[in-house]
Structures are given as C-alpha cells and as structure tokens.
Amino acid sequence: MVRKRRRTEPRRDATRRRPTARHDSPRAEDQPLIAGFREALRTPDGIAMLDVMGGIVEATRQDRANVLRSESPVDLAELVQTFIEVDIAETTAALHVIAAYIEDDVLRVRIRRELKTRRQPMPEAVSSVAELQVTQAWRLSTPPGDTDDILLALSPRVPGCVLVHIDCNVGIVADAFTLSLAPQEVLDRFREAAPGSITVRELSPADARARLEGPIDLGDIMIPPVETETWPGTRPLLRMLCRRLPEGGTGYPMDAADTDQDAIVRSVLATRAAAHLDDTPGSDDVDIVQTLVWLTGFLGFFEPLRWSPERADAILLDLVPRKVMADSAYLRRVPEVLTALVRAAAELGHTTPMVAGTTAEAIRDLTTDYLEAIDTSRPTPGDEARRLALAALGTRPRVGEIRLDALETVMGGPEALGELDLDALDELVDRPLDLADAPRPVRDAATAVDDLARGAIDALIDPTLRGEYRAAVRTLIDRLAAGAPETLRRGKPVNTAAALCWTVGRANDLLGEETRMHAIRHSMSVGPEAAQRHPAPEPVPVKTLFAHLGVSGAVTSRAATLLSAIGYEPTWVMGDSYALGDPTLLTSEKRRRVALERDRWAPDPGEDVDA
C-alpha cells in the first residue's frame with residue numbers, strides 16, 4: 001500500500017512581514033498611573049489603594065481649589081470609561097474604590113455592572129470597601145488643646161484604621177491618613193509619645209461623624225486650601241465613612257451664636273483671678289472681657305475659655321489690632337485683662353494651671369509687640385473729651401470708610417451699593433420653587449427642604465417679613481437644585497433647611513443676638529434719628545430656630561458647604577454682619593438699613609476722603 005503524501009503549503013504567517021513594535025503606544029500596564037495602582041495594591045491588605053484613589057477622585061471635583069491652581073478637573077465619567085475598557089487587576093481595584101466613594105448613583109450602577117464581569121482577585125481592603133464601616137472611634141487630645149486627633153477603627157475585615165488630625169485654632173482637618181496598624185497599637189504609641197499628658201476619650205458613632213463633618217466642610221471653603229502629602233486625598237474616604245455613621249451627634253462648637261456669651265463673661269468676672277478687674281457694668285474691663293470672648297469666635301472652634309500661647313498670639317498680634325476700634329487707654333488694658341481671663345479659665349476648669357501659666361508668660365512676652373501694633377495700626381482718637389464725644393456718636397476715626405467697605409461687601413460691590421434707592425426698594429417676590437427641569441430625586445429633596453423651611457419661617461418670623469424670607473430661601477434651593485443637586489441631596493433635609501434658614505436669617509439680621517444689643521448696634525450703624533424712624537426688626541434667637549426644627553448643634557459648616565457649591569463666599573464683616581454679596585437674597589428692610597447706613601457714612605460732596 002502506497003501512503004499518500006500530504007501536500008504541504010507554506011504557512012501564511014511565515015511569509016507575512018511582521019509588524020514592528022510601536023514605541024508611542026505602551027501597554028496599559030506600563031502607564032505611570034497603573035504602576036502607582038500596582039504599588040498601592042502590594043501594601044498590606046491593599047489599604048494604600050484607598051488613599052491613592054481618594055487623590056484621583058479629588059482631582060475630579062469641580063471645586064475652587066482646582067480653579068485656584070488653574071487646573072481643569074478630570075472628568076470622572078471619562079476616567080471610569082477608560083478603566084472599564086482596560087480589564088486588568090489595577091483598573092478593577094480602582095473601579096471598586098470609585099464606586100464606594102462617589103455619590104453619583106447612575107455612575108455607581110454603571111461601575112458595579114462592569115465589576116460583575118471582572119475576575120481578578122482583590123486585597124481585602126479593596127474587595128470589601130463597599131461595606132467598610134467605622135467600628136469604634138476615639139478622640140486623642142493633649143493640653144493646651146490646639147489640636148485633636150480622631151482615630152477611626154475600620155471593620156474587622158480590614159485590620160487598619162484612619163487617623164485624622166484637626167487644627168482646633170482654625171477649625172479644619174489639617175491632615176488624615178490610613179494606617180495598616182491595629183487601633184490599639186496606635187493608641188499605645190500615642191501614650192508612649194506623651195506619657196501622662198494625653199487624654200483618650202471614646203466617641204459615640206454619631207459624635208464621631210459630627211466632629212469630622214464640621215472641620216471637613218469648613219476646610220472645603222478654605223482659601224488657600226490646606227494640602228499635605230495625604231490630604232485632601234483621604235477626604236473621599238472620610239466622606240464615605242461619615243455617610244455610614246448615624247447623624248445627630250455633638251460636634252465641635254462652630255457658632256458663637258449658639259453660646260450664652262454673657263454667662264461666660266459673668267462666670268469669668270466672678271473668679272478670684274479676675275477680682276482686680278473693674279466689674280462695674282459698662283466699664284472698660286467688662287467690655288474688654290466681652291470683646292475677648294467674642295474674638296475667640298475667629299479662632300476656629302468657639303472655645304472662649306480654652307487658651308494657649310498660640311491663641312494669645314493670634315488675639316494680641318492679629319485680631320485686636322485689626323478688629324477692635326478703641327482709644328489708646330482701652331487698648332493698653334487688653335494684655336492685663338487677657339491674662340486675668342486666661343487664669344480665670346484655669347480656675348473654672350477649662351484649662352490646666354500649667355497651660356494658663358505658660359500662656360500668661362507668652363502674653364507678657366508679646367506685650368511689647370502688641371503695643372507697637374496698636375500704635376502703628378490706627379490713629380489715636382485724641383483727648384478724653386474727643387473720646388467721649390466719639391463714643392456717644394458711636395464712631396471712631398475712619399470708621400465711616402471701614403463701614404462703607406463693609407456695606408460694599410454685603411451688597412456685592414460699590415455699584416450695587418450706589419444703586420440702592422430708598423424710594424424704590426422692591427420687596428422680594430415669594431413664589432413656588434422652579435423645579436420643572438429637575439430630576440425626580442432632586443425635586444423630592446428640594447420640596448422636603450422647602451416644606452421644613454416654610455414651616456419654621458411661618459412659625460417664627462414676623463408676618464410682614466415672612467414672604468421675603470421664604471423668597472430668599474427658595475432662591476437658594478432653586479440654585480442648589482440647578483447647580484449642585486448632589487450637595488442638595490446630601491444629608492438630612494432638616495439640616496439643609498436649618499442651614500438655609502440660618503443663612504438668610506443671619507444675612508438679613510433676622511436671626512441672632514438678644515434684642516437690646518441688636519438695637520444698640522442698629523442705632524450706631526444708621527444713627528439715632530434714623531434708627532428711631534426705622535427700627536430694626538426684632539431678631540429670633542438662633543436656638544429658637546434650631547429647637548423648632550429639632551436640630552442639635554451648629555449648622556454653619558453645612559451652610560458653608562451649600563453656599564460654596566453654588567459659588568458664594570460668605571464672610572463676616574465688622575464682626576456682626578454676615579455678607580453674601582448678593583442683593584437678591586436681601587429683604588427690602590435689610591436693603592433699607594444698608595442704604596441708611598451708606599447715607600450716614602458717605603462723605604459729603606467735595607470732601608477729601610483721605611484727609
């Protein structure tokens with residue numbers, strides 16, 4: 001039998017010219033971004049991937065920090081699509097973390113649909129990030145309390161923790177980072193580093209959330225933003241963890257309006273440390289104590305009886321020279337009264353005798369520089385007769401110029417201030433929310449906030465002012481629904497309603513301090529005669545608003561977040577006016593008071609304002 005020979009043909013790939021490698025198209029695995037992901041995944045449990053992806057998510061934020069750096073934010077949806085198209089372990093890990101961090105439900109569903117098709121094994125910290133929880137929290141503090149550390153233990157599947165460093169004198173998160181250590185090991189290291197001086201207090205889950213969200217929100221609007229090697233890269237992780245903690249806790253004291261400052265002053269004057277001060281009502285010493293308590297509201301959290309050399313430095317060399325308008329004799333009393341206040345704080349148990357002593361020494365060392373600062377930063381009022389005359393008129397040298405600058409800030413610029421016409425002050429028009437183009441979830445959130453705000457306004461505000469108050473609040477709700485829907489939907493509607501009512505109320509002087517002081521400031525601003533013709537509306541105490549809504553704690557951080565999201569940069573001017581820079585949010589009554597004050601302080605035609 002003859003075997004049939006098989007015909008052989010040349011292989012096609014043997015005769016085809018092989019393509020040359022393209023050096024301009026490297027593999028995805030070789031890209032620097034992917035290499036960074038790979039390195040993070042090699043850390044114990046992959047916990048470093050949470051920090052790395054936090055930095056990526058932060059780069060996609062449409063916030064003012066990126067604008068200030070002249071950086072165009074990366075489009076997160078486009079970045080996610082790139083990761084979906086490249087099916088490797090590093091992009092799978094990135095998608096896991098992004099899905100947990102973001103609040104965009106549509107994009108999250110898209111990512112999770114893709115993850116169902118991925119088969120690469122993931123480290124525990126990455127695979128379980130969607131269920132990551134805070135199981136325990138502690139507050140670590142040491143005298144004099146200028147900083148706090150909050151330690152968060154993560155769920156047992158991730159044997160690590162998060163350490164958050166808070167600057168109490170600014171009121172923000174100064175740094176935060178993940179640690180591949182057991183929480184107890186971190187606590188032991190702190191105790192070893194500061195034996196006998198560190199205080200460790202366990203926080204309830206709700207209190208941990210409150211103590212984190214306030215400083216995070218305030219840091220969001222800080223200019224320039226605080227940046228370290230790890231912050232704000234860990235901010236998305238902290239935001240995610242906070243969302244999974246219960247609300248309703250007690251945070252840091254953020255708003256001076258929530259505190260009875262008069263009671264604090266009385267308690268200080270009743271101590272042995274302040275026995276040498278003149279406690280006669282209306283005396284300079286009493287007024288200085290009141291002023292110092294008020295000024296601590298500019299030092300991060302409102303803690304008027306917590307003192308340190310750093311806080312004394314800020315008071316003497318910055319806040320008093322910049323914010324207090326008074327004669328030379330008054331200003332020269334400040335160091336002695338401040339020393340008494342510091343020692344009184346120790347007597348009342350708000351700081352330790354050692355810290356009080358160190359701070360008193362610092363005040364002594366700072367006094368020479370302070371006296372130079374007050375001598376060079378302002379003209380002196382002159383003799384005693386002139387001082388009394390100025391006090392009676394409620395004025396100080398150059399105060400008119402300063403007040404006019406403040407009014408420009410309130411109105412949003414000199415043009416808006418100049419255009420105010422006392423004979424043509426139109427009322428804000430109350431109308432329903434404009435939500436026709438808003439998605440259903442946004443409409444629901446906006447309506448819930450509006451219902452709560454309307455109920456509080458109708459219950460607490462004078463009937464003649466309710467319509468304009470509602471109109472201003474609804475304007476903010478509409479702008480949030482159109483420009484920052486995710487921010488509007490975040491958190492409880494009652495907290496958002498409280499924040500917006502607080503914002504409009506403070507901007508229009510309809511919420512705030514007790515009536516007597518409010519009336520005095522109104523008279524000093526517009527003049528006694530104008531104040532008699534046009535008395536200021538009686539303000540509703542902030543605590544009354546919060547009690548009506550059932551809100552505990554301050555809402556200033558929530559208000560700051562909401563306003564920042566739609567482009568506002570609110571500021572306090574002259575210490576008592578909350579300026580939004582938008583006359584469309586000011587009632588006709590507030591604009592009337594602004595116009596009256598403008599006319600009082602505006603220079604006469606032909607007057608040399610620099611004289």
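Can you pull the one-decimal nm distance between simple spin-label points at Ser180 and Ala59, each 7 Å off the Cα toward Cβ?
With each label point 7 Å from Cα toward Cβ, the separation is 2.3 nm.
Please report the net charge: other residues with Cβ closer than 10 Å to the Cβ of Arg333, K and R +1, D and E -1.
Local net charge: -4.
Go through 589-597, 451-459 and give me the packing order, highest mean Cβ count within 10 Å leading.
Descending packing order for the listed peptides: 589-597, 451-459.
Can you tell me the order of 308-320, 98-110 when each peptide is scored by its average per-residue count of other Cβ atoms within 10 angstrom, highest first?
Descending mean neighbour count gives 308-320, 98-110.
Using R₀ = 41 Å, calculate the FRET efficiency as 1/(1 + (r/R₀)^6) where r is the Cβ-Cβ separation of Asp458 and Arg272; round to 0.05.
With R0 = 41 Å, the Cβ-Cβ based efficiency is 0.25.
Between Gln31 and Ile566, what is 0.36 nm times their sequence separation minus the Cα-Cα distance? Round to one decimal in nm.
The Gln31-Ile566 span can extend by a further 189.0 nm.
Arrange the peptides 154-167, 333-346, 414-427, 275-288 so that the one whose residues have, on average, the most other Cβ atoms within 10 Å appears first.
333-346, 154-167, 275-288, 414-427
Rounded, prolate or oblate for region 425-483? Axes are the square roots of the Cα gyration tensor eigenvalues, ordered a ≥ b ≥ c, and the cut-off for rounded is a/c under 1.5.
Judged from the Cα gyration tensor, region 425-483 comes out oblate (a/c at least 1.5, b/c at or above a/b).
What shape does region 139-283 have by the C-alpha gyration tensor, where a ≥ b ≥ c are the square roots of the eigenvalues, rounded means a/c under 1.5, and otherwise prolate means a/b greater than b/c and oblate the rest?
Prolate, because a/c is 1.5 or more and a/b exceeds b/c.
Net charge near Gly145, counting Lys/Arg +1 and Asp/Glu -1 over other residues with Cβ under 13 Å of its Cβ?
-2
Please label the shape of region 190-258 as rounded, prolate or oblate, based on the square roots a ≥ b ≥ c of the eigenvalues of the alpha-carbon gyration tensor (a/c under 1.5 means rounded; beyond that, a/b larger than b/c means prolate, else oblate).
rounded
Distance between the C-alpha centers of region 157-233 and region 107-133? Whole Å please.
Each part reduced to its Cα centre gives a spacing of 27 Å.
Using a basic spin-label model with each label point 7 Å from the Cα along Cα→Cβ, how many nm lie between Ala329 and Ala436?
About 6.7 nm, to one decimal.
For an R0 of 22 angstrom, estimate the FRET efficiency from the Cβ-Cβ distance between Asp451 and Ala547 and round to the nearest 0.05.
0.75
No value in this document is a laboratory result; all are computed from the given coordinates. The structure displayed is predicted, hence computed values, not measured ones. Note: ideal-geometry Cβ built from the backbone for every residue, glycine included; neighbour counts use all protein chains shown.
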